[in-house]
Amino acid sequence: MSPEVKSRTEDALERENIGLRRLLVQAGLDATEHEVAERLQRLMLEELHHRVKNMLASVMVITTQTLRTAETLDQGRQAIESRLMALGRAHDLLLQTNWASARLADVIGSAIEPYDTNGAGRFLVEAAQIQVGSGAVLPLALVLNELCTNAVKHGALCTPEGHVEISAAIDEGLQQFRLDWVEKGGPAVQPPSRRSFGMRLIDSIASQLQGNVRLQFEPAGLVCEIEIPVTSLRALHAA
């Protein structure tokens, strides 16, 4: 083989090798990306499964316990509807942030909005700039919904003059989150003869977040104090 022919042959082989290496590299990248995509899809399905199970469990408990304690079927229907709508609003809030976290002010605002007709200023809110983990958003939303519902039926929101003061902040020294709910201007309050499902639900949710609740039925209005560890407040999943 002449040097000239040999040179052309080597050049052709080199070009083919370069093309082959490019194809192999591309195939390797495609395989890697496919594997990553499959893992990501599996993780997303597992996460979705986890959330759906939690949501269905919440719906089941809410429905069963509400109907068990409701005095009439219509009362039970209204209570279930209110609680499920509160769940829905909290889910909408989390979807806006890809289920990572939400601002505390947004969590409170979303929960009280249906009860502050036409922005009447029935709520005075002082909330620190705090990010709430997805694991605490739904429980907090449900607690606030129960307090709002009770205030509409029996407390400060059942009279035109009544209002609710909400304050929330973190004690950095104790690493505790505290939310205070104080009703004013409503009818005189007396301790109930029995604990309603709503009050038991508040206790249960606080326990879920490793926190505690104190309810004080002051003559001037209901006072609710909620304390939750900061680690629970910022968790991505409820315990």
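Taking the range 144-156 as the range and being touching a strand residue (DSSP E or B) at 6+ places or on another chain (Cβ under 7 Å) and aliphatic (A, V, I, L, M) as the test, the residues that pass are L147, A151, A156. So, in the range 184-219, of the ones that are within 18 Å of G155 (Cα to Cα) and in contact with a Ser or Thr (Cβ under 6 Å, 6 or more places away or on another chain), which residue ends up modelled with the lowest pLDDT? Across the range 184-219, the extreme among qualifying residues is F197. Within the range 155-188, being closer than 22 Å to I205 by Cβ, in contact with a Leu (Cβ under 8 Å, 6 or more places away or on another chain) and not in a strand (DSSP E or B) holds for G155, A156.
Within the group L222, L201, which residue is part of a helix (DSSP H, G or I), crowded, with 16+ Cβ neighbours inside 10 Å, in contact (Cβ under 8 Å) with a residue 12 or more places away in the chain and not charged (D, E, K, R)? Spell out the reasoning first.
Working: L222 fails: part of a helix (DSSP H, G or I).
After applying the criteria, what remains is L201.
Name every residue in the range 148-179 that is surrounded by fewer than 17 Cβ atoms within 10 Å (Cβ to Cβ), in contact (Cβ under 8 Å) with a residue 40 or more places away in the chain and among the hydroxyl-bearing types (S, T, Y), in order of residue number. Answer for the range 148-179, where residues must be surrounded by fewer than 17 Cβ atoms within 10 Å (Cβ to Cβ), in contact (Cβ under 8 Å) with a residue 40 or more places away in the chain and among the hydroxyl-bearing types (S, T, Y): just S167.
For G211, state whether it is in contact with a Leu (Cβ under 9 Å, 6 or more places away or on another chain) and without any contact (Cβ under 8 Å) to a residue 40 or more places away in the chain. Talk me through it step by step, then tell me what you get.
On the way: in contact with a Leu (Cβ under 9 Å, 6 or more places away or on another chain): yes; without any contact (Cβ under 8 Å) to a residue 40 or more places away in the chain: yes.
Spelling it out, G211 is indeed in contact with a Leu (Cβ under 9 Å, 6 or more places away or on another chain) and without any contact (Cβ under 8 Å) to a residue 40 or more places away in the chain.
Look at (1) part of a strand (DSSP E or B); (2) touching an Asp or Glu at 6+ places or on another chain (Cβ under 7 Å) and you find that A151 fails only one, number (1).
Test V189 against the stated conditions and say whether it is surrounded by fewer than 19 Cβ atoms within 10 Å (Cβ to Cβ), among the hydrophobic types (A, V, I, L, M, F, W, C), under 19 Å from T149 (Cβ atoms) and in contact (Cβ under 8 Å) with a residue 24 or more places away in the chain.
Numbers: surrounded by fewer than 19 Cβ atoms within 10 Å (Cβ to Cβ): yes; among the hydrophobic types (A, V, I, L, M, F, W, C): yes; under 19 Å from T149 (Cβ atoms): yes; in contact (Cβ under 8 Å) with a residue 24 or more places away in the chain: yes.
So V189 fits the description; yes.
The values are calculated or read from the model by the stated rules, or taken from the named source; none is laboratory data. For clarity, every value in this text was computed on a predicted model and none was experimentally measured. Cβ: placed from backbone, ideal geometry, glycine included. Neighbour counts: every protein chain shown.
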